[in-house]
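Below is one structure, written out as structure tokens, with a few remarks after it.
The values are calculated or read from the model by the stated rules, or taken from the named source; none is laboratory data. Because the structure is a prediction, the values reported are computed rather than measured. Counting neighbours? That spans all protein chains shown, and the Cβs are built from the backbone with ideal geometry, glycine included.
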Amino acid sequence: MAGRIPEDIVAKIYDENDIIDYVSQYVTLKKTGRDYMGLCPFHHEKTPSFHVSREKQLFHCFGCGASGNLVQFVMRSENLDFMDAMHMLADRAGIVIPENGAVESDAQHEKKKRILAMNKDAARFFHGCLKDEKTGAKAREYFQKRGISAKTITAYGLGYAPEGRDALIKHLLSKGYTAAETVEAGLGVSRDGQIRDKFRGRVMFPIIDVRGNVIGFGGRVMHNEKEINGYTIPKYLNSPETPVFDKGKNLFSLNLAKNSSEQDIILCEGYMDVISVYQAGIKNIVATLGTAITENQARLMLRYASEILICYDMDEAGTKAALRAIDVISDAGGRSRVIRLKNAKDPDEYIIKNGVEKFREAVRNAVPSTEFKISLVKNRYDTTTADGKVLFIDETVNIFMGIKDAVEVDAYITKVAEDVGISRDAILAKYREKSSRNKFRSRIPQKSEYQKRAERETRRTVREENTSSKLMEAEKRLLGLISRSRKLYKAASEKMSPEDFSTDVYRRVAKRVYQCFENGETPEPAMILNDFEGGDLDTASGVFYNLEVYDGDEETVKELLYTIRLERLDLKIKKETNPAELSKLFGERETLLAEKNTWEE
């Protein structure tokens, strides 16, 4: 995971961020011996079982098993992926992380920091204008008419951009920013040699990334006029592309949706749709930023959801946008369904007319994307006639051609056959004919990340079925001891190589520990754990966060090596069926026991 960031920068990020300082923002910690303890933030408990080690820069809960280093704590607590968590910690420490393999200059990094700070000041300014009794009266009335509460206004940091030409610019200049900087940040525009506010007379929606940075703004007019004095007035106006803002790589409200406990994310078109649904108690909702969905946005949503529920307007434009979204999400490796809202143009209007429970029902009844596509085709043809059936089947088979899952294709061929009264064999023959014509005779669906992970877990389970708990415990304690002492490492490495450990996780840990000592370095658990995730992370972390390994010497290492050798022999004996081999193994066991008796005397 850390391969995308240079190792020296990763180390610097850890050096500049102390785990105790960071975790203390979430947990009240009390020093107990070498560790700090508190109530685990990842599960409900009354008795503290959450340990944090400043020495090792690790955390471990002996109640729920949550474990890892600082970045993994950030990933869990903020629901971020590895790169976003690293960026958050880097920003906290003022460290530059190279973008896309290219080293970002100090000047570029400073420019981004200035723009982010300016955006934050602008957001506060807009929010202050909204709250101002006189200046924000019209904007507050607008939100009130739309049913937006004061609590929701605060949650989203909503604001108001005054009508004047340069109210924001003057405010930012007073904060020490230059006029040129306001233009580069997309907050000012240069016209006729003068710098003016980009956003004027609009209610404002800050766009916040998953790390909590204000990266841009959306502004909406409070009237429905499309033209004023001959000038076209866009309903929504978004920030332009800036060094910190890329419309195609961000989503409105994902910073809030990522913390939802739901397994899916609802995708809407407008900011007000999102805000209305969120206010109704449904938190897992986002919107694109005034453009059609991109593959980057689809991948971003799929970090936090197993499925995307598309909730667009059901007019012609919205239907086309939904069809495009289905394909983009599929290309990104995800699944989607479509929410159909009857007698309302968008979620905001639907909730006002029907209430939130009806909206929840519509979400539960979301149509699978393939079924949605087929229904649109069916609406175009009269399938009670022979010609209508032929045209419908021909176009429906084209839909099947884009499906990667062979089981899904088979299921829908059966369903369509039943719906229109055409034999399944005829539709299947048509599908195979088109598949052959398009050179898709051997269609092998791509495995999902879940399937790949499940297969890896199955293979690991099979490999480790014959590994005793006593052997694994001995190997864990041995690794924990040698990772803290070059002397003990030397004693153990003479008898065991990394490949001699029983499980893949322990072999990988051992390899990193051995490499560190061979390179004259001291193993750093926090750095080593960057190579692990999921269940592997908890297992690897257990090596370094084992309260039983605080004390140990060469005699302990010798004892553990003996236990490992004996357990391996016993496992071989348990599996062996050949009498000759069994006799040989029993002989080795007697020799090993005698050897121990000798060094115990």
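Data table
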{"read-out": "Residue selected from segment 20-38 under the condition loosely packed, with under 13 Cβ neighbours inside 10 Å and of a type in the set (S, T, N, Q), by the criterion nearest to Arg512 (Cα to Cα)", "value": "Thr32"}
{"read-out": "Residue match in segment 305-324 (condition: buried (at least 20 other Cβ atoms within 10 Å of the Cβ) and assigned to a helix (DSSP H, G or I))", "value": "yes"}
{"read-out": "Residues within segment 255-264 that are surrounded by fewer than 24 Cβ atoms within 10 Å (Cβ to Cβ) and not in a loop (DSSP other than H, G, I, E, B), tallied", "value": "3"}
{"read-out": "Cross-chain or 6+ apart pairs with Cβ under 8 Å, segment 6-19 first and crowded, with 19+ Cβ neighbours inside 10 Å, then among the aromatic types (Phe, Trp, Tyr) and part of a helix (DSSP H, G or I)", "value": "Ile19/Phe73"}
{"read-out": "Subset of segment 283-339 [under 18 Å from Ile208 (Cα atoms) and of a type in the set (Asp, Glu)]", "value": "none"}
{"read-out": "Positions within segment 325-351 being of a type in the set (Gly, Ala, Ser), part of a loop (DSSP other than H, G, I, E, B) and in contact (Cβ under 8 Å) with a residue 40 or more places away in the chain, in sequence order", "value": "Gly333"}
{"read-out": "Check on Ser149, free of Cβ contacts under 8 Å to residues at least 12 places away in the same chain and of a type in the set (S, T, N, Q)", "value": "no"}
{"read-out": "Qualifying positions in segment 519-531 - without any contact (Cβ under 8 Å) to a residue 60 or more places away in the chain, more than 13 Å from Tyr545 (Cβ to Cβ) and of a type outside the set (D, E, K, R)", "value": "Asn519, Gly520, Thr522, Pro523"}
{"read-out": "Selected residue [within 26 Å of Lys345 (Cα to Cα), of a type in the set (Val, Ile, Thr) and crowded, with 20+ Cβ neighbours inside 10 Å] from Ile282, Ile233", "value": "Ile282"}
{"read-out": "Sole exception among (1) surrounded by 17 or more Cβ atoms within 10 Å (Cβ to Cβ); (2) in a loop (DSSP other than H, G, I, E, B); (3) modelled with pLDDT of 90 or more for Val274, by number", "value": "(2)"}
{"read-out": "Residue match in segment 395-403 (condition: surrounded by fewer than 17 Cβ atoms within 10 Å (Cβ to Cβ) and at pLDDT 90 or above)", "value": "yes"}
{"read-out": "Residue within segment 550-557 that is touching a helix residue (DSSP H, G or I) at 6+ places or on another chain (Cβ under 8 Å) and assigned to a loop (DSSP other than H, G, I, E, B) present", "value": "yes"}
{"read-out": "Residue satisfying condition, being touching a residue at least 24 places away in the same chain (Cβ under 8 Å), assigned by TED's automatic domain parsing to the domain that holds Gly281 and under 22 Å from Lys283 (Cα atoms), within set Asn365, Asn354", "value": "Asn365"}
{"read-out": "Ser336 in contact with a strand residue (DSSP E or B) (Cβ under 6 Å, 6 or more places away or on another chain) and within 27 Å of Val377 (Cβ to Cβ)", "value": "yes"}
{"read-out": "Top-ranked residue of segment 288-301 - restricted to ones that are without any contact (Cβ under 8 Å) to a residue 40 or more places away in the chain and surrounded by fewer than 19 Cβ atoms within 10 Å (Cβ to Cβ), ranked as farthest from Asn238 (Cα to Cα)", "value": "Arg299"}
{"read-out": "Which listed residue, of Ala185, Ala155, Ala137, is more than 28 Å from Asp91 (Cβ to Cβ), not assigned by TED's automatic domain parsing to the domain that holds Glu269 and not polar (S, T, N, Q)", "value": "Ala137"}
{"read-out": "Of all residues making up segment 378-406, the number that are within 30 Å of Ile351 (Cβ to Cβ) and in contact with a Phe, Trp or Tyr (Cβ under 7 Å, 6 or more places away or on another chain)", "value": "1"}
{"read-out": "Sole residue being outside the structural domain of Gly186 (by TED's automatic domain parsing) and under 30 Å from Gly188 (Cα atoms), chosen from Ala332, Ala292, Ala298", "value": "Ala292"}
{"read-out": "Listing of helices (runs of 4 or more DSSP H) fully contained in segment 485-535 that carry 3 or more residues being under 23 Å from Arg565 (Cβ atoms) and touching a Leu at 6+ places or on another chain (Cβ under 8 Å)", "value": "504-518"}
{"read-out": "Any hit, segment 359-373, residues being among the aliphatic types (A, V, I, L, M), assigned to a loop (DSSP other than H, G, I, E, B), at pLDDT 95 or above and crowded, with 16+ Cβ neighbours inside 10 Å", "value": "yes"}
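So that you can scan it fast, the table gives a plain yes or no per residue for (1) at pLDDT 90 or above; (2) touching a Gly at 6+ places or on another chain (Cβ under 8 Å); (3) surrounded by 12 or more Cβ atoms within 10 Å (Cβ to Cβ); (4) of a type in the set (Gly, Ala, Ser):
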site: Arg441; (1), (2), (3), (4): no, no, no, no
site: Gln451; (1), (2), (3), (4): no, no, no, no
site: Arg456; (1), (2), (3), (4): no, no, yes, no
site: Leu478; (1), (2), (3), (4): yes, no, yes, no
site: Tyr489; (1), (2), (3), (4): yes, no, yes, no
site: Met496; (1), (2), (3), (4): yes, no, yes, no
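Per-residue answers, yes or no, for (1) in a strand (DSSP E or B); (2) surrounded by fewer than 18 Cβ atoms within 10 Å (Cβ to Cβ); (3) of a type in the set (A, V, I, L, M); (4) modelled with pLDDT under 95:
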site: Arg165; (1), (2), (3), (4): no, yes, no, yes
site: Leu168; (1), (2), (3), (4): no, no, yes, no
site: Thr182; (1), (2), (3), (4): no, no, no, no
site: Gly186; (1), (2), (3), (4): no, no, no, no
site: Ser190; (1), (2), (3), (4): yes, yes, no, yes
site: Phe199; (1), (2), (3), (4): no, no, no, no
site: Val210; (1), (2), (3), (4): no, no, yes, yes
site: His223; (1), (2), (3), (4): no, yes, no, yes
